[in-house]
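The values are calculated or read from the model by the stated rules, or taken from the named source; none is laboratory data. Quick caveat: nothing in here was measured; it's all calculated off a predicted structure. For neighbour counting, all protein chains shown are included, and Cβ atoms are generated from backbone atoms with ideal geometry for every residue, glycine included.
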Amino acid sequence: MKRVLFIDRDGTLIKEPADEQIDSFDKLEFYPKVFQYLSKIASELDFEIVMITNQDGLGTAVYPEHTFWPVHNFILKTFEAEGVVFKEQFIDRTFAKDNAPTRKPNTGLLTKYFSSEYDLENSFVIGDRLTDIELAKNLGSKGIFINDHTNLGTDEITVEREALNGFIALESNDWEAIYTFLKTDARTGSITRDTNETKIRIDLNLDGTGQSSIHTGIAFFDHMLDQIARHGQLDLMIDVDGDLEVDEHHTIEDTAIALGEVFATTLGDKLGIERYGFSLPMDDCFAQAAIDFGGRNWLVWEADFKREMIGKMPTEMFFHFFKSFTDGAKCNLNIKAEGTNEHHKIEAIFKAFAKAIKMAVKRDVEKMILPSTKGML
């Protein structure tokens, strides 16, 4: 089955002028980096590239064809010279008020794609208007929203935007970011772990922005897990219902196991990752965390604590947390810490751990190769 990129023209490939009419060459301005990265998309990925554009009143006295085609054909030939060939071009000439079945966001021009030959679920519409995202919804696809100038200030548009958010796979006007997004699969994962002792749900996005929502019932543990999200720049949602009436052991251990397992599954084939990754100071303390997502579990722990508890978390459970994580994630982890303030010491460890993860899971989209001589990790 073929995947398709349905790409708008004005405001997406070329800048859209104030009058919304590209009817002369002096109005023509291509988007930055569009040639470099759309040509990489065309040569490296398996998308069929299609142009679909609304050109209000094309062929009327207001917008005659003789001012449209010279510029349009120049655009096509320029892209073709860079290796980008549009398999199809769909141009709707109706006005917005007509709500014609052929006009985006309606799918009247695209009926051929509703067949077993095309994989619409894994296809994308790239455009600068919410109607492009609505078209993606109507196709059963996802949208890449180039929000460069669209007015989203009115209440009506804001409500429409919120309704379509679930269909926006990426919002960016940077073609390098679009290329990176399309080339690299989204690294998100979830896990549910239910036992007689704990019920755990974890959602992970390795390419997030540091967002977190963590509820384990142990405030200090929540604070440490939040460090992983914030300093690792990954999105992490953790909900735990554990038998805290017994003690903290099962909650901490099972959370670590589940967190390690969701890291292992979300990393997937590990193509392009750095694999290895940090040391940092925190006031009186110095912590090192070296990690290798190499497929084998091992923990080296050189950190001693003089207090039995930090907050309501037993210090003996710190070792156990990281050991359980390495078992679940199948990674090597070497942790060392020194200092006098016990709170600072463990917080420095978690921050260094987060930074090591960030470094290790980073991908180079230009070199999507496996970082191993074994041929597998």
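Is it the case that some residue within the stretch 43-55 is assigned to a helix (DSSP H, G or I) and either at pLDDT below 95 or of a type in the set (Lys, Arg) (or both)? The answer is yes; a qualifying residue exists. Scanning the stretch 274-294 for residues that are crowded, with 19+ Cβ neighbours inside 10 Å and not in a strand (DSSP E or B) yields a count of 4. On the stretch given as the stretch 71-102, residues that are surrounded by 13 or more Cβ atoms within 10 Å (Cβ to Cβ), more than 22 Å from Val4 (Cα to Cα) and modelled with pLDDT of 95 or more total 1.
I want to confirm something. Restricting to the stretch 222-247 and keeping residues that are in a loop (DSSP other than H, G, I, E, B) and surrounded by fewer than 23 Cβ atoms within 10 Å (Cβ to Cβ), which single residue is nearest to the chain's Cα centre (by Cα)? Applying the filter and picking the extreme gives Gln233.
Residues checked against (1) modelled with pLDDT under 95; (2) touching a strand residue (DSSP E or B) at 6+ places or on another chain (Cβ under 8 Å); (3) at positive phi:
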position: Thr266; (1), (2), (3): yes, yes, no
position: Lys270; (1), (2), (3): yes, no, yes
position: Leu280; (1), (2), (3): yes, yes, no
position: Phe293; (1), (2), (3): yes, yes, no
position: Val300; (1), (2), (3): no, yes, no
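Being assigned by TED's automatic domain parsing to the domain that holds Asp269, more than 29 Å from Ala264 (Cα to Cα) and of a type in the set (A, V, I, L, M) is a property that Met317 lacks. Scanning the stretch 1-15 for residues being in a loop (DSSP other than H, G, I, E, B) and surrounded by fewer than 21 Cβ atoms within 10 Å (Cβ to Cβ) gives a total of 2.
Restricting the stretch 154-170 to residues that are surrounded by 15 or more Cβ atoms within 10 Å (Cβ to Cβ) and at pLDDT 75 or above leaves a set whose member that is nearest to Lys137 (Cα to Cα) is Phe167.
Can you find a residue in the stretch 251-273 that is touching a Pro at 6+ places or on another chain (Cβ under 8 Å), over 16 Å from Phe353 (Cα atoms) and either not in a loop (DSSP other than H, G, I, E, B) or not assigned by TED's automatic domain parsing to the domain that holds Asp194 (or both)? Checking the stretch 251-273: at least one residue is touching a Pro at 6+ places or on another chain (Cβ under 8 Å), over 16 Å from Phe353 (Cα atoms) and either not in a loop (DSSP other than H, G, I, E, B) or not assigned by TED's automatic domain parsing to the domain that holds Asp194 (or both). Of all positions in the stretch 251-259, none carries a residue that is surrounded by fewer than 19 Cβ atoms within 10 Å (Cβ to Cβ), among the aliphatic types (A, V, I, L, M), under 28 Å from the mean Cα position of the chain (by Cα) and within 19 Å of Ser190 (Cα to Cα). Kindly establish whether Asn147 is at pLDDT below 95 and loosely packed, with under 13 Cβ neighbours inside 10 Å. Taking the combined requirement at face value, the residue does not satisfy it. For Val34, the requirement of being surrounded by 15 or more Cβ atoms within 10 Å (Cβ to Cβ) and among the β-branched types (Val, Ile, Thr) is met. Could you look through the stretch 295-341, keep only residues that are assigned to a helix (DSSP H, G or I), touching a Gly at 6+ places or on another chain (Cβ under 9 Å) and not aromatic (Phe, Trp, Tyr), and pick out the one that is surrounded by the most Cβ atoms within 10 Å (Cβ to Cβ)? Of everything passing the filter in the stretch 295-341, Ala329 is surrounded by the most Cβ atoms within 10 Å (Cβ to Cβ).
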